[in-house]
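Quick notes on the structure that follows.
Each reported figure results from applying straightforward, stated rules to the coordinates on display, with no laboratory input. Being a predicted model, the structure only gives us computed values, none of them experimental. Virtual Cβ from ideal backbone geometry, glycine too; neighbours counted across all protein chains shown.
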Ligand SMILES: Nc1ncnc2c1ncn2[C@@H]1O[C@H](COP(=O)(O)OP(=O)(O)O)[C@@H](O)[C@H]1O
Ligand SMILES: [Mg+2]
């Protein structure tokens with residue numbers, strides 16, 4: 001059953017009739033929102049509502065207004081590449097929005113878990129991300145609209161980089177600097193959670209979900225965040241580590257080929273220096289990845305991350321080579 005305010009939202013926007021009580025099913029996966037498949041008389045849709053407190057072990061509270069930024073990211077991205085994210089069907093300031101349900105689209109994370117490493121798809125992810133960044137780079141209106149520095153600090157920089165620094169005291173200063181540099185780089189519209197669990201495999205390429213970390217900031221964050229998952233997935237499915245590294249390469253290459261708003265070497269350096277911070281964050285931050293349970297895997301991540309935080313790499317290849325060799 002849908003909570004009353006959500007049903008009221010659907011009725012207010014004419015999606016559900018006044019006498020209609022649609023069947024709803026919670027979609028699994030999320031830690032930060034309630035999300036339902038709602039079967040309306042007119043067909044199925046998806047409704048998302050932000051939770052004030054995330055379902056993670058450590059206390060982590062985030063303002064629910066991020067729901068509005070998520071919806072605005074979707075509208076902005078769809079105007080740049082139609083279909084790159086579900087179409088928004090209705091929204092208001094009640095903390096809910098309704099979107100198109102993409103039934104039957106596989107989740108990239110599930111494909112990777114099965115060991116399927118589709119390089120063409122990885123390249124498309126890089127390409128689409130770069131297009132969204134390129135189209136919003138230097139756009140003052142977009143920067144004003146996504147003025148979400150505080151949110152981004154609360155949901156990304158603090159629980160990832162700064163939290164990992166508190167656990168790894170010898171690296172705390174490096175992680176703080178990384179966080180500050182990122183916070184002060186405002187170049188393009190960032191999605192903020194480009195993880196395979198938030199990417200559906202659509203017929204024409206990736207469909208990005210879950211943009212509640214949307215922020216006008218450093219596009220290198222999106223690139224590093226996604227590459228980080230491709231590294232970590234190699235610990236999850238060890239026999240596919242090499243194949244996932246090939247996805248890493250083509251994703252990075254396709255992305256960097258689309259960088260026109262700044263020198264390629266600059267953004268690559270920022271992504272490469274962020275990456276070890278994000279690696280460490282997924283072991284020692286507030287949102288550790290669920291599949292890294294063996295101490296040997298965690299120590300492996302800590303060793304590589306520590307090495308590159310102490311002496312920063314210039315290129316993404318430096319990190320992938322270290323990851324492959326180890
Ligand atoms: N529009 C949609 N169509 C189909 N499935 C969706 C849609 N939106 C979300 N999902 C599914 O629900 C899961 C959780 O949604 P997401 O927006 O990522 O929420 P959370 O912020 O809770 O992670 C996704 O991983 C995906 O499997
Ligand atoms: Mg999600």
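Quick notes
- Calculated [θ] (222 nm, deg cm²/dmol) that DSSP helices of n ≥ 4 give over the chain, each run adding -39,500 (n - 2.57): -15000 deg cm²/dmol
- Counting only alpha carbon atoms, the long axis of helix 66-80 and the longest principal axis of the chain meet at about 80°.
- Choice from 27, 274, 316 showing the highest fluctuation, given a GNM over the chain with Cα pairs closer than 10 Å: 27
- Folded to 0 to 90 degrees: helix 264-284 orientation relative to the chain principal axis, Cα: 80
- Residue exposure sequence - 268, 65 - by fewest surrounding Cβ within 10 Å: 65, 268
- The ranking of 187, 178 from fewest to most other beta carbons within 10 Å of each one's beta carbon is 187, 178.
- Ascending count of other beta-carbon atoms within 10 Å, so fewest first, for 145, 176: 176, 145
- In the chain, the longest principal axis of the Cα atoms and the axis of helix 220-236 are about 80 degrees apart.
- Most fluctuating residue given options 179, 28, 195, as computed from a GNM of the chain linking Cα atoms under 10 Å: 28
- Gyration tensor verdict on segment 4-100 (Cα atoms; rounded if a/c is under 1.5, prolate if a/b is larger than b/c, oblate otherwise): oblate
- Anisotropy class of segment 213-253 from Cα gyration tensor, a/c 1.5 cut: oblate
- Gyration tensor (alpha-carbon) shape descriptor, segment 62-208, a/c threshold 1.5: oblate
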